[in-house]
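Peer 1: Once you've had a glance at the structure underneath, I'll fire off some questions.
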Amino acid sequence: MADKPWSGRFGDATHEKVEHFTESVSLDKRLYRDDIQGSIAHARMLAKIGILNPDELAKIIQGLESIARDIEEDKFSFDERLEDVHMNIEAELTRRIGDAGKKLHTARSRNDQVACDLRLFLRREIQAIGRLLTGLMEVIVKVAEDNLDIVMPGMTHLQHAQPVLLSHHLMAYFEMFARDQERFADVLRRVNISPLGSAALAGSSYPVDRWMTAMELGFEKPSRNSIDAVSDRDFAIEFVASSAICMMHMSRLAEELILWNSQEFGFIELPDSYATGSSIMPQKKNPDVPELVRGKTGKVYGNLVTLLTIMKGLPLAYNRDMQEDKGPVFDTVDTTKSCIEIMAGLLPGLKVNKDAIMVALGKGFITATDVADYLVRKGETFREAHRITGEIVSYLVSTGKTLDTLGMDDFKRFSPRFEEDVFNYVDPISSVDSRTTYGGTARKNVFEAIQKARSFLNDLNHEI
Ligand code: ARG
C-alpha cells in the first residue's frame, strides 16, 4: 500500500478496487502545472507568515520545480493509489526534500486546492480559446472580403427568400463568434477568483494571507465565502455553457458547409486537404470535417448536462461527486479548441462556385419582394402589391418562366403601375444594394462592416 496522507485514521489498507474506483489522477494529472503553481504561491505565503523558514521555502520551491520538469519530460510516474494529482505531487515532494514537504499542506485542504487548480487551468484555456476565436474571425473576414461580389439566395425556412451577399452571410458568423468571445471573457472574470485559504470549508485558524496568494497567482481577489469557494463549480459550468453556445454556432456553420457542398447546392467545394473519401464509393468526397464539428457539438452539450446534473442537489460544501467534473471540463476544452482550429483551417480553402450560385439565384423568384416594394413606391398599398406579385409568381410557376424573362407587356398585364424602371428592381444586385439600412446587405454596408471587423480584430490583437 502506498502510504496515504490520511492513513493515520485507518486500521486496514484501502481495497485495491476502491483505490481504482476513487482515483482521479489518470485525468487530473493534467492539472499538474496549476497544482505546482498554486503550491508555490501557498508556500511563499506560509513563509511570509512564519510557518516555513526561508530554507524550507527554498527546498519546497526547488522540489516542486524539479517535479514539474520531470512531468514535462515524461519522467514522472503517477500512482493511482495516491488518488489524485495533489497527493501524488505532495508525496513525491516529501520523498525528494524530506520533512519540509510535509509542511506544505498547512492551512490548506485539497478542497480549496482543487478549486484553485481548476480555476488556474480554465483561466489559461479560456484565454487560449479566445485567441483561437480571434483566428477564426480573421479567416471569416478574409473569406468575406474575397467574395464581396457574390450575391446568393438568402434563405428562410431553407427556401429562397431575398438575395444577400455571401459576405454578409459569412459576417453573420463573425458576429456570433464575437459574442462567444465576449461570453468567454465574461466567464473569465468569475473564474479569476482565488479560493485558496478557504481550506476544507470553514477557512483557516492560521493567519493566512489570502490576498497574497491571490495576487501571487494573478487572481483578481480572494473569494468572499469559504463554504462557497470549495463547493462552487458554476465557474466551470459557465465555461462549458459558453462552449456549448460556441459549438452550436460552429455546428450551424458546419451544416451550411455540408449543404452548400452537396451536389444539390454545389455552392462551394471543400478543399481536398480537408475532405475525406469513401472506402467503397470512389467518386465520393465527403465533408467529414464539418460533419464531425456538428457531431462533437452534441458531446459538449452532454458535458454541460453532466456537470449540471453532478452539481444538482449536492449539499454544501465539498462532496466527492465533484471529482467527476474533470472529464467533462477537459473534454469541452479539447473539443472546442480542436473544432475552432479545424474550422479556421478549412475556411480559407473553400472554392466558391459563382456559376452555381448564379443559377440558383435565378430559380426562385428571389426578387419578388422587390417587385412588391416597387409597386408600393408607385402608390400601391403593400397588401395589394403583395397580391399582384403573388399572381405574377403563380403565372411564372405555371409557365416555367423566371422573373428576369418578363417583358414590359407581361408586367403591364398585372398592373398598370409597372414602368420601365421595374427591371432595376428585378435584378438581384440592385436588390442587394437597395438594402442600405444599418446592418443590411448592401455592398457598401457589408464593405464597411468588414472594415470595422478588421479594426476590431486589430484592437483585440493589440490587447493580447
Ligand atoms: N480529487 C479530488 C477532486 O477532484 C480532490 C479533492 C478531494 N477532497 C476530498 N476531501 N476528498 O475533487
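The values are calculated or read from the model by the stated rules, or taken from the named source; none is laboratory data. The model shown is predicted, which means the values in this text are computed figures rather than measured ones. Note: ideal-geometry Cβ built from the backbone for every residue, glycine included; neighbour counts use all protein chains shown. All accessible areas refer to the heavy atoms of the entire protein, side chains included, with ligands and DNA or RNA removed. Shrake-Rupley method; radii C 1.70, N 1.55, O 1.52, S 1.80 Å.
Peer 1: What do you reckon, is Leu259 under 15 Å from Gly345 (Cα atoms) and assigned to a helix (DSSP H, G or I)?
Peer 2: no
Peer 1: Of (1) open to solvent by 40 Å² or more (accessible area, probe 1.4 Å); (2) in a helix (DSSP H, G or I); (3) more than 30 Å from Leu316 (Cβ to Cβ), Asp228 satisfies all except one. Which?
Peer 2: That leaves (3) as the condition not met.
Peer 1: If you don't mind, there's one more thing I want to ask. Identify the residue in region 75-101 that is more than 29 Å from Lys17 (Cβ to Cβ) and part of a helix (DSSP H, G or I) and, among all such residues, is nearest to the ligand (Cβ to nearest atom).
Peer 2: Going through the qualifying residues, I end up with Gly101.
Peer 1: Answer yes or no as to whether Leu361 is more than 16 Å from the ligand (Cβ to nearest atom), among the aliphatic types (A, V, I, L, M), over 30 Å from Val25 (Cα atoms) and within 43 Å of the chain's Cα centre (by Cα).
Peer 2: It is true that Leu361 is more than 16 Å from the ligand (Cβ to nearest atom), among the aliphatic types (A, V, I, L, M), over 30 Å from Val25 (Cα atoms) and within 43 Å of the chain's Cα centre (by Cα).
Peer 1: Can you go through Ile60, Ile51 and tell me which one is surrounded by 13 or more Cβ atoms within 10 Å (Cβ to Cβ), more than 16 Å from the ligand (Cβ to nearest atom) and either among the acidic types (Asp, Glu) or in a helix (DSSP H, G or I) (or both)?
Peer 2: Just one listed residue meets the conditions, Ile60.
Peer 1: Has region 118-139 got any residue that is in a helix (DSSP H, G or I), farther than 28 Å from Gly218 by Cβ, away from the ligand (no atom under 12 Å from the Cβ) and open to solvent by 20 Å² or more (accessible area, probe 1.4 Å)?
Peer 2: Checked region 118-139: at least one residue is in a helix (DSSP H, G or I), farther than 28 Å from Gly218 by Cβ, away from the ligand (no atom under 12 Å from the Cβ) and open to solvent by 20 Å² or more (accessible area, probe 1.4 Å).
Peer 1: Here's another thing I want to ask about it. Could you go through region 192-200 and let me know if any residue there is part of a helix (DSSP H, G or I), within 21 Å of the chain's Cα centre (by Cα), surrounded by 17 or more Cβ atoms within 10 Å (Cβ to Cβ) and modelled with pLDDT of 95 or more.
Peer 2: no
Peer 1: Another question about this same structure. With (1) open to solvent by 60 Å² or more (accessible area, probe 1.4 Å); (2) part of a helix (DSSP H, G or I); (3) not polar (S, T, N, Q) as the list, and Met155 as the residue in question, which single condition is left unmet?
Peer 2: Exception for Met155: condition (2).
Peer 1: Any residue at all in region 5-26 that is among the aromatic types (Phe, Trp, Tyr), surrounded by fewer than 16 Cβ atoms within 10 Å (Cβ to Cβ) and within 12 Å of the ligand (Cβ to nearest atom)?
Peer 2: Checked region 5-26: at least one residue is among the aromatic types (Phe, Trp, Tyr), surrounded by fewer than 16 Cβ atoms within 10 Å (Cβ to Cβ) and within 12 Å of the ligand (Cβ to nearest atom).
Peer 1: Could you tell me whether any residue of region 30-48 is assigned to a loop (DSSP other than H, G, I, E, B), in contact (Cβ under 8 Å) with a residue 12 or more places away in the chain, within 19 Å of Met322 (Cβ to Cβ) and under 32 Å from the mean Cα position of the chain (by Cα)?
Peer 2: No - not one qualifying residue is present in region 30-48.
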